[in-house]
Amino acid sequence: VQLQASGGGFVQAGDSLRLSCAASGIIVKVYTMAWFRQAPGTQRELIARSTTRGVITYADSVKGRFTISEDNAKNTVYLQMNSLKPEDTAVYYCAAGVLPPPYNYWGQGTLVTVSS
């Protein structure tokens, strides 16, 4: 099983980015898929989750700005991030779980840096 996260980068405050998480070895639509982030010196934070029943939840810190979605044909999960803020700077991880927590599989992380 592999979750390949990509799409991070260096952007200015107010910009947008779309992160991708391409899965192999699992079928994303039968897993709860999630995005976490971890800023330096902080704990890993769950920011978006999509369950197999289509229930989507967001952390208050990203609600209204970030959107999680899935492309089942590509077996890929996305995180569209709009109106980025410097406090969104972190390493972003995708994860898959059968009945999380815990999450069974993790991607390697992709760095997002937002400059003011």
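The values are calculated or read from the model by the stated rules, or taken from the named source; none is laboratory data. Please read these numbers as outputs of a predicted model, since none were measured by experiment. Please note: Cβ atoms are built from the backbone with ideal geometry, for glycine as well, and neighbour counts cover all protein chains shown. Side chains are part of the model used for accessible areas, which takes the heavy atoms of the whole protein and leaves out ligands, DNA and RNA. Shrake-Rupley method; radii C 1.70, N 1.55, O 1.52, S 1.80 Å.
Brief remarks follow.
- Of everything in the stretch 1-36 that is modelled with pLDDT of 95 or more and charged (D, E, K, R), the residue that is nearest to residue 85 (Cα to Cα) is 15.
- Verdict on residue 67 being open to solvent by 60 Å² or more (accessible area, probe 1.4 Å), modelled with pLDDT of 95 or more, assigned to a strand (DSSP E or B) and on the phi < 0 side of the Ramachandran plot: yes
- Counting only residues that are surrounded by 14 or more Cβ atoms within 10 Å (Cβ to Cβ) and outside any loop (DSSP other than H, G, I, E, B), the stretch 80-90 holds 4 of them.
- For the stretch 54-64, taking the residues that are within 14 Å of the chain's Cα centre (by Cα) and without any contact (Cβ under 8 Å) to a residue 24 or more places away in the chain, the one that is least open to solvent (accessible area, probe 1.4 Å) is identified as 59.
- Residue list for the stretch 70-79, restricted to those being surrounded by 15 or more Cβ atoms within 10 Å (Cβ to Cβ) and not in a loop (DSSP other than H, G, I, E, B): 70, 76, 77, 78, 79
- Residues of the stretch 24-35 that turn out to be open to solvent by 20 Å² or more (accessible area, probe 1.4 Å) and either over 19 Å from residue 76 (Cβ atoms) or part of a strand (DSSP E or B) (or both), as a count: 1
- Test: residue in the stretch 9-23 that is surrounded by fewer than 13 Cβ atoms within 10 Å (Cβ to Cβ) and of a type in the set (A, V, I, L, M, F, W, C): yes
- The one condition in (1) in contact with an Asp or Glu (Cβ under 6 Å, 6 or more places away or on another chain); (2) over 15 Å from residue 109 (Cβ atoms) that residue 78 fails to fulfil: (1)
- Single residue of 2, 43 found to be touching a Gly at 6+ places or on another chain (Cβ under 9 Å) and surrounded by fewer than 20 Cβ atoms within 10 Å (Cβ to Cβ): 2
- Restricting attention to the stretch 91-102 and to residues that are surrounded by fewer than 21 Cβ atoms within 10 Å (Cβ to Cβ) and of a type outside the set (A, V, I, L, M, F, W, C), the residue that is nearest to residue 25 (Cα to Cα) turns out to be 97.
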